[in-house]
Amino acid sequence: MSNKKTFLVTGGAGFIGSYLCERLIREDKKVICLDNLITGHMENVKRLKSFKDFKFIKHDISRPVILKERIDYILHFASPASPIDYLNFPIQTLKVGSLGTHNALGIAKAKKAKFLLASTSETYGDPKEHPQKETYWGHVNTIGPRGVYDEAKRFAEAITMAYHRYHKLDTRIIRIFNTYGPRMRMQDGRVIPNFITQALRGKPITVYGRGTQTRSFCFVDDLVEAILRLVEVDFHEPVNLGNPNEMTVLSLAKLIISLSKSKSKIIYNDLPIDDPKQRQPDISRAKKLLKWTPKVALESGLLTTITWFRENI
Ligand code: UDP
């Protein structure tokens, strides 16, 4: 029998999930990738299908599933994750954060597996504290359009801690801030794929509001590195993961126009409801615990992403 550790990655055919699957296969682990493909794509994991240690299961984790395999780690990443996606799939978003997390925790308990929950900076809502530390409880509109994602993830954190405290499950919670890189969907609706696609097509760049709202963008490789380090660290409270390099959406638009040598003009559209005005992670906890800091500068990460979009547009 093989001694290789087996990872179950829910949402493994999604943007971040597929990078995790790839990295784990490269590190000689076994990977079970589970995805219902509502926002994930087989294309993201097609390179992995020829590896004998990679197995794909098309399944919605919001419904129970019995897996025969030994499982050592569960990385629970299944969820729509873009504002457009959770507007299109509000019930699925609520179900995967609640029922899906419950099912994934049930598998972890049955298999005595370590469990890592992919939570989000959205648990802070439109934050009143800046930058956001893990100790901040957040400012979320429960009934707004983003509430389906924010509250599902807040529930997911609560049930993960309950399984940790009551069932002594070995759990981790990460709060992921805006992450980008190749493989994001063109129709994803998030700001970086939108701006790059518009810039490459010479279409207007759609800045929402006046573009004064801020975000802090992390390249996907930096995020994956931090996730795999945290899995091996004995720490159960939430850990912010992201890049604290904060900027306005308008300056991001200008940077993407310049890096892609585009002639696109900027236009201003309505600001979506409850769009957070500012967002920057305080990553002191991650730095200390993981001896990690994001390495990829925004310009370099954007150039890599622009090249990928140019080839795949
Ligand atoms: N945004 C924008 N134009 C777009 C898409 C997004 O100005 O075409 C803004 C959006 O209003 C938000 C920020 O960019 O302030 C980041 O949006 P995204 O959807 O990427 O994720 P969020 O951080 O809001 O979850």
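The values are calculated or read from the model by the stated rules, or taken from the named source; none is laboratory data. Keep in mind that what you see is a predicted model, and the values were worked out from it rather than measured. Cβ atoms come from the backbone with ideal geometry, glycine included; neighbour counts cover every protein chain shown. To get the accessible areas, we keep the full protein, side chains included, count just its heavy atoms, and leave off ligands, DNA and RNA. Shrake-Rupley method; radii C 1.70, N 1.55, O 1.52, S 1.80 Å.
Laid out as a table, the results:
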| item | result |
| --- | --- |
| Long-range amide H partners of Gln132 with built H, under 5 Å | Gln280, Asp282 |
| Mean-position separation - Cα centroids, segment 120-179 and segment 1-62, in angstrom | 25 Å |
| Of Lys58/Lys153; Lys111/Lys288; Lys4/Lys295, those spanning more than 26 Å from alpha-carbon to alpha-carbon | Lys111/Lys288; Lys4/Lys295 |
| Phi-based couplings in Hz for segment 19-32 (Karplus 6.51, -1.76, 1.60; Gly and Pro marked x) | 5, 5, 4, 5, 5, 5, 5, 4, 8, 6, 9, 8, 10, 10 |
| Within the accessible area of segment 233-300 (1.4 Å probe), percent carbon and sulfur | 56 percent |
| Fraction of accessible area attributable to carbon and sulfur, segment 77-231 (%, probe 1.4 Å) | 57 percent |
| Segment 38-192 - Kirkwood radius from inverse mean 1/r over Cα pairs (Å) | 16.7 Å |
| Mean separation of Cα contacts under 8 Å, 6 or more apart, over the residue count of the chain: relative contact order % | 17 percent |
| Percentage of interatomic Cα-Cα distances in the chain larger than 33 Å | 20 percent |
| Hits among lysines - C-alpha to C-alpha of Lys291 under 18 Å, sequence gap 8 or more where chains match | Lys133 |
| Rg(Cα)/(2.2 N^0.38 Å) for segment 127-276, N = residue count | 1.20 |
| Residues of segment 94-204: accessible area per residue with a 1.4 Å probe, Å² | 41 Å² |
| Chymotrypsin sites (Phe, Trp or Tyr not before Pro) within segment 194-293, DSSP loop, no more than 10 other Cβ atoms inside 10 Å | none |
| Accessible surface ranking that places the most exposed of Ser284, Ser121, Ser251 first, with a 1.4 angstrom probe | Ser284, Ser251, Ser121 |
